[in-house]
Amino acid sequence: MNFDQAAIQSISIIVILILCGMGFRKLGVLKEEDGGLFARMITQYTLPALIFHALSTSDFDTSKLLLAVVMIVSQLVCALLAWGVGSLLKLSRPRKGALILASTFTSSGFLGYAVVKEIYFHNTEALSDAAIVSELGVATVIFTFGILIAIQFGAHQASSKEKIAEALKFFRSPIFFSLIAGILASFIKLPMDNVIVAAFYRALGIVSTANTLLVTLTIGVMMHFKDMKKVIPIVLLACIIKLFIQPLLSSYQANILDFPELWRQIVVLESAMPTAALSAVFAKRYGCDAELTTILVFATFISSIFTMVMMVVLLG
């Protein structure tokens, strides 16, 4: 299977699962309020399992921290750009927050691993690079700045002390502990042939596999298209910033830092991924415009079918 087929297949599956979530809501099998429960299960169970599994089975090289730095800079620049555009358009605070979230945080862990694995399926170094980009370059940012953005532009106002306290919760969360534990385990080199260790990793694999389903159901139960025509300009802006400007920013930084070709390819590919589905989760949880955020997430997933192929062509 070539890249074009793998990318379209991966995204198509995700889109179908999101549509299934919408169908379940229409049939009354699931309710929109269930999105909150799914969001807690993602942040407390499935995502930590996915992070630990990815990092603990890869080689951690401190020089690769530059990959994370490039990713962080690209995302923060896009956040500022989205904020500026939202201010010029005089969007309401919840809608401005939705635009910033959708334009900033990339679906590196959600879709990035799958795409990188398909392209470099015999290259363990590529998967290790993708793990550094995803967990240190994206996860740490979305669970700190992402939460702060969602709170700042959400419907519920909070004091500065409350905002800082909420963001610092990340450093006491299962996701942060799984990040640190995964890096440490990558140095220890756990004996995978041990019966107990093998059983532990099999359990991790089962739990982490549920992450994709829960995220897509969360988006599906919150997805509405009744006001789609009214937000087409915002959809176009989010797609341009997230799917075109962000990967170009990453490529520019990679060239300045004289990255090896593999590093450049990985960081550009990860930047070209659609918006992180967790953006919709945070919008729902902290009072941003969750409906608009889910539409923007869905739109970037659809658009990325074409933009990711374009990026691969540009990367050669």
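Computed from the coordinates by the stated procedures, all read-outs in this text should not be read as laboratory data. None of these values were measured; they are calculated from a predicted model. Reconstructed Cβ throughout: ideal geometry from the backbone, glycine too, with neighbour counts over all protein chains shown.
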- line: Candidates K284, K161, K26; GNM for the chain (alpha-carbon contacts under 10 Å) flags as most fluctuating K161
message: Could you work out how much longer the chain between K31 and A165 gets when fully extended? Use 0.36 nm per residue separation minus the Cα distance between them, nm to one decimal.
response: 45.2 nm
query: Compactness ratio of the stretch 203-316: Cα Rg over 2.2 N^0.38 Å, N = residue count?
result: 1.21
- line: Length gained if L148 through V69 is fully extended, taking 0.36 nm per residue and subtracting the Cα-Cα distance, is 26.5 nm
- prompt: If we count other beta carbons within 10 Å of each Cβ, what is the order of I245, I132, I164, fewest first?
  reply: I164, I245, I132
query: Picking from I100, I180, I188, which is most flexible by a Gaussian network model of the chain using Cα springs under 10 Å?
result: I188
- line: Bounding extents of the chain in its principal axis frame from Cα atoms, largest first in Å, are 53, 44, 42
query: Quick one: net charge of D61's neighbours, Cβ under 12 Å, K/R +1, D/E -1?
result: -2
query: Could the peptides 54-65, 208-219, 287-298, 254-265 be put in order, highest first, of the mean number of other beta-carbon atoms found within 10 Å of their residues?
result: 287-298, 208-219, 54-65, 254-265
query: Which entries in K90/K242; K64/K189; K64/K284; K31/K284; K26/K242; K64/K169 show an alpha-carbon gap greater than 23 Å?
result: K64/K284; K26/K242; K64/K169
message: How high is the relative contact order of the stretch 160-316? Use alpha-carbon pairs under 8 Å, at least six apart in sequence, and give a whole percent.
response: 23
